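Following: one structure in structure tokens, then a few remarks.
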Amino acid sequence: MRNISFALTTEQFIAGTKDVTRRLGWANLEAGDLLCGVKKGMGLRPGEQIERLGVIEVVSATREPLRRMTDDLEYGFAECIREGFPPPHRYSWPSEFITFFCDSHAGCTPESVVTRIEFRKVEP
């Protein structure tokens, strides 16, 4: 089973307030795919172990420009909540979320096409 990191949103994943995530790449995901959510998947120090957070099932995986969140603000605000950032969180604003996303993904711009992954947690 492929791992998917929630390093930037571990708290939201654990709390269950996140059911959508965006990724650069991941273009071949399909509904029904199972993934193992992990706290950190890359850049582990020697002796550091992968911390598994839980299995998720992909509900849908679609490709869209990141800027869609600001092109359609009603969609963008709803998506920020689904990403785990309800108001009054700073990233509940689509423009702030896009800046956060781009700052944490090298080479990303608002024009970048990302994979929007809707998921549900699978009970153990």
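The values are calculated or read from the model by the stated rules, or taken from the named source; none is laboratory data. As the structure is a computational prediction, the values presented were derived from the model and not from experiment. Cβ sites come from the backbone with ideal geometry, for glycine too, and all protein chains shown count toward neighbours.
When you look at residue 30, is it among the charged types (D, E, K, R) and either outside any loop (DSSP other than H, G, I, E, B) or farther than 27 Å from residue 1 by Cα (or both), yes or no? When the stated conditions are applied, residue 30 does not pass them. The residue that is farthest from residue 111 (Cα to Cα), counting only those in region 51-85 that are small (Gly, Ala, Ser) and surrounded by 18 or more Cβ atoms within 10 Å (Cβ to Cβ), is 84. The set of residues in region 54-80 being in contact (Cβ under 8 Å) with a residue 40 or more places away in the chain and within 14 Å of the chain's Cα centre (by Cα) consists of 56, 57, 58, 59, 60, 61, 62, 63, 64, 66, 79.
Of 32, 43, 47, 16, all but one fail to be closer than 23 Å to residue 96 by Cα, out of contact with any helix residue (DSSP H, G or I) (no Cβ under 8 Å at 6 or more places or on another chain) and either exposed (fewer than 14 other Cβ atoms within 10 Å of the Cβ) or at pLDDT 95 or above (or both); the exception is 16. Every test in (1) closer than 14 Å to residue 118 by Cβ; (2) among the hydroxyl-bearing types (Ser, Thr, Tyr); (3) free of Cβ contacts under 8 Å to residues at least 40 places away in the same chain is passed by residue 5 save one, and that test is (1).
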